[in-house]
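Novice: One structure is given below, represented as structure tokens, and several questions about it will come after.
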Amino acid sequence: AIRRQRQMCIRDRYKSLIDSKIKEYGLEDDVIFTGMINKNVEKYYSAFDLFLFTSKHESFGLVLIEAQISGLPVVSSYEVKSSDVVISKDIDFVTLKESNEKWSQSCNDLISKGRNNIVNVDISRFDNTKCAQIMCDKIFK
């Protein structure tokens with residue numbers, strides 16, 4: 001079921017398909033296409049009830065970590081699942097082959113629990129310099 005609240009969607013390569021679905025369901029006044037968000041990302045996370053991530057590929061999953069640190073429940077595609085991106089108990093993985101109903105149920109289940117407080121996590125393991133050094137050590141040893 002679609003909740004009649006203001007929704008946000010980042011513009012991507014599927015915009016024409018998303019636009020047609022928005023019109024089909026009469027949600028033109030409920031969806032904002034923000035374009036790429038590079039600044040003040042935390043303000044967007046604080047406005048969300050849930051972070052939905054349907055990617056087929058993700059090299060590291062930084063957005064999944066950011067969303068969880070912000071206290072958002074996350075529903076992500078199973079295809080990008082990695083133990084490195086799971087830092088809270090409010091994350092669910094659903095395969096892209098599952099039905100829309102399964103995705104919807106997972107979203108509704110997590111939304112019904114409500115938002116968490118900001119997750120306390122040792123983010124030093126996500127430091128770019130540290131990660132680059134580890135990679136260099138592995139490559140050049």
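Any read-out appearing in this document is the output of simple, stated calculations on the displayed coordinates, not a laboratory observation. Just so it is clear, the model here is predicted, and its values are computed rather than measured. All Cβ positions, glycine included, derive from the backbone under ideal geometry; neighbour counts span all protein chains shown.
Novice: When the Karplus curve 6.51 cos²θ - 1.76 cosθ + 1.60 is applied with θ = phi - 60°, which whole-Hz ³J(HN,Hα) does each residue of the range 85-100 get, with x for Gly and Pro?
Specialist: After applying 6.51 cos²θ - 1.76 cosθ + 1.60, I find 9, 8, 10, 9, 7, 9, 9, 10, 10, 10, 5, 5, 7, 5, 6, 4 Hz.
Novice: Determine by what factor the alpha-carbon radius of gyration of the range 21-114 differs from 2.2 N^0.38 Å, reporting the quotient. Spell out each step's value before the answer.
Specialist: Values: Rg = 13.7 Å, N = 94, 2.2 N^0.38 = 12.4 Å.
So the range 21-114 has a normalised radius of gyration of 1.11.
Novice: To continue, here is another question. Please list 90-102, 65-77, 19-31 highest first by mean number of surrounding beta-carbon atoms within 10 Å per residue. Walk me through the numbers before you get to the answer.
Specialist: Numbers: 90-102: 13.5, 65-77: 22.0, 19-31: 11.8.
For the peptides 90-102, 65-77, 19-31, the packing ranking is 65-77, 90-102, 19-31.
Novice: What is the local net charge at residue 70, summed over the other residues whose Cβ is closer than 12 Å to its Cβ (Lys, Arg +1; Asp, Glu -1)?
Specialist: Details: positive: 43, 115; negative: 42, 49, 66, 90.
Residues close to residue 70 contribute a combined charge of -2.
Novice: Once amide H atoms are built 1.01 Å from N in the peptide plane, which residues 5 or more positions from residue 92, or in another chain, come under 5 Å H to H?
Specialist: The list, which skips near neighbours in sequence, is 74, 75, 76.
Novice: Also, I was wondering about something else. Using every pair of alpha-carbon atoms in the range 13-62, split the distances into 10 Å bins beginning at 0 and state the percent of pairs per bin, rounded to integers.
Specialist: P(r) for the range 13-62, in whole percents per bin: 17, 45, 35, 3.
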